[in-house]
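Working notes for the structure below.
The values are calculated or read from the model by the stated rules, or taken from the named source; none is laboratory data. None of the values given here were measured: they were computed from a predicted structure. Cβ sites come from the backbone with ideal geometry, for glycine too, and all protein chains shown count toward neighbours.
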Amino acid sequence: MAGLIASLPLFHQVAGSRIVVVGSGPMAEAKRRLVERAGAVPVGEAEAHHAALAFVALEDAGEAAAARQRLKAKGLLVNVADKPDLCDFTTPSILDRDPLLIAIGTGGASAGLAKHIRLRLEAILPQRLGELARALASGRDTLRAKLPDGDARRRAVDAALRPGGTLDPLDEGSAERVADWLANPAADAPARLERIALASGDPEDLTLRQARWLGEADAIYHDAHVPPAILARARADAARHPLHTAPDRPVEGFAVILTRD
């Protein structure tokens, strides 16, 4: 079984809803700005019956714990600033390339670490990444018409978005190529067969390329000695097959043959 994650990442649609913010001062104001940025309305504790979420930003630990208890009793999920042990949810550091959002969280371990990871990514990811997302959204119906089969669509998108692909997300000009790509989206997605000979049973020893292959493959052919932790790096819906049934040449889709040295 793969290792457990510390929390369940979710993007919660809150536009137009009310979110309780308890407190005053810079910490509370930062929470109110975040709520407003998401299109929601920050309200006081008196309106908790209209809300499902709450932020508590109080310096006094006793007052913060008491406010949390009152809000929990009313059925709200609560975030208590700077007190991760009292939080039902935490707020990540957000990298915004609208409509693409990247949320970086540490489960409350270190907001500073999350911020600096975001700053590094800000320097890497093109400012026009949102344009690529919007172009792909606009072309969704065209893509469905060209490739009615869902697996074929996914393979075409994977091939276009991979490093060096027609729509490589790190290429500033990718958004401008979406229309041309949609004319023949299957052109970049021929049948593929790749082989991975594992150096160890530790998934951290996978190369970046190997990890990417596992994340893209439609089918995995593996021997019985491949650890579950490695197989967990594959797509959840990828078909798993015993090694002796592996093809000797590419067939439809993308297959990976996975063996242990």
Please verify whether ASP202 is charged (D, E, K, R), assigned by TED's automatic domain parsing to the domain that holds ARG153 and modelled with pLDDT of 90 or more, treating the condition exactly as stated. no
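Which residue, of VAL43, VAL80, is surrounded by 14 or more Cβ atoms within 10 Å (Cβ to Cβ) and touching a Cys at 6+ places or on another chain (Cβ under 6 Å)? Outline the logic, then answer.
Details: VAL43 fails: touching a Cys at 6+ places or on another chain (Cβ under 6 Å).
Exactly one of VAL43, VAL80 is surrounded by 14 or more Cβ atoms within 10 Å (Cβ to Cβ) and touching a Cys at 6+ places or on another chain (Cβ under 6 Å), namely VAL80.
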Every residue in segment 218-246 that is at pLDDT 90 or above and either closer than 11 Å to ARG192 by Cβ or in the same structural domain as PRO163 (by TED's automatic domain parsing) (or both), please. ALA219
Considering segment 190-208, residues that are in contact with a strand residue (DSSP E or B) (Cβ under 9 Å, 6 or more places away or on another chain), free of Cβ contacts under 8 Å to residues at least 40 places away in the same chain and surrounded by 12 or more Cβ atoms within 10 Å (Cβ to Cβ), and then whichever is farthest from GLU252 (Cα to Cα), we arrive at SER200
Being loosely packed, with under 15 Cβ neighbours inside 10 Å and either at positive phi or acidic (Asp, Glu) (or both) is the filter here; which residues of segment 84-117 pass it? ASP85, ASP96, ASP98, GLY107
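If you take just the strands (runs of 3 or more DSSP E) that sit entirely in segment 35-116, which of them hold at least 1 residues that are among the basic types (Lys, Arg) and within 30 Å of GLY130 (Cα to Cα)? Break it down stepwise before answering.
On the way: elements: 41-43, 53-56, 77-80, 93-97, 100-104.
Filter on segment 35-116 gives 93-97.
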Is it the case that some residue within segment 109-128 is in contact with a helix residue (DSSP H, G or I) (Cβ under 8 Å, 6 or more places away or on another chain), modelled with pLDDT of 95 or more and not small (Gly, Ala, Ser)? no
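Applying the selection to segment 139-153, what residues are of a type outside the set (Val, Ile, Thr) and in contact (Cβ under 8 Å) with a residue 12 or more places away in the chain? Talk me through it step by step, then tell me what you get.
Looking only at segment 139-153, we keep the residues that are of a type outside the set (Val, Ile, Thr), and these are 139-141, 143-153.
Within segment 139-153, GLY139, LEU143, LYS146, LEU147, ASP151, ALA152, ARG153 qualify.
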State whether the residues of segment 231-254 include one that is buried (at least 19 other Cβ atoms within 10 Å of the Cβ) and touching a Ser or Thr at 6+ places or on another chain (Cβ under 9 Å). no
